[in-house]
Structures are given as structure tokens and as C-alpha cells.
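Engineer: Before anything else, here's the structure in question.
Here, each number is a calculation from the coordinates, and none is a lab measurement. In this text, all values refer to a predicted model and were calculated from it rather than measured experimentally. Cβ coordinates were reconstructed from backbone atoms using ideal geometry, including for glycine residues, and neighbour counts include every protein chain displayed.
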Amino acid sequence: MTKPYETEQPERAAIDARSGVTAVDFGTNWCGYCKAAEPHIERALAQYPEIAHIKVEDGPGRALGRSFRVKLWPTVIVMKNGQEIARVVRPEDDQEVVSALSLADGE
């Protein structure tokens, strides 16, 4: 069983201050697109155990998602040392996410 999207919102400054690589995954627990993409995201991240995975519930009144200009769920934003290096929206297979995560190696 994978972990649910967390309702507690980290501060944008805390996300930006993280060192290393972080995958910030925006969605909701009830979203059909999120449920369909979840296995792809999880399998891709399993190939990169050193990458931190933060699952954040998004929606109206959620400032963190707005600060990243998230429009559709799920959206996975790959950050390296506080800078966005890749974004995947509604992945339909593992490779879409793997490709985004692999960019962290080349940065």
C-alpha cells in the first residue's frame, strides 16, 4: 500500500530550501487520474531510492500547489537543490516519470 496524499502542507520555503533531489507529487486521494498514475510514479521512484518523495494533497485554497502553478493532477515536480528541473503531468507509464527523475543525474 502506498502512502496517501498528505493534507498537511509544507511551506514553499521549506521545499525550496531542500538540498538534493526531491519529487513533489501533487494530487488527491479520490482523483481517478491520481489512482491510475500512482503505480507508475511509485515504480519509477523505486528506481531512485535516494530521491525524497513528498505527496501533497492539492485543491482549492492550497497555496503550495498554486505556488507551483499546478493545473492538473497528478503533477510530479522534480526539484534539485530547490530548483525545478522537470515536471510530469498525468503520467501514463513509468518511463515518463523515470525520464524526469533521470534529469537529476545530469544536472
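Engineer: Which numbered condition trips up Gly61, out of (1) in a loop (DSSP other than H, G, I, E, B); (2) within 20 Å of Gln9 (Cα to Cα); (3) within 13 Å of the chain's Cα centre (by Cα)?
Structural biologist: The one condition Gly61 does not meet is (3).
Engineer: Let me ask something else. May I ask you to verify whether Gly20 is among the small types (Gly, Ala, Ser), surrounded by fewer than 18 Cβ atoms within 10 Å (Cβ to Cβ) and out of contact with any Lys or Arg (no Cβ under 9 Å at 6 or more places or on another chain)?
Structural biologist: No; evaluated as a whole, the condition is false for this residue.
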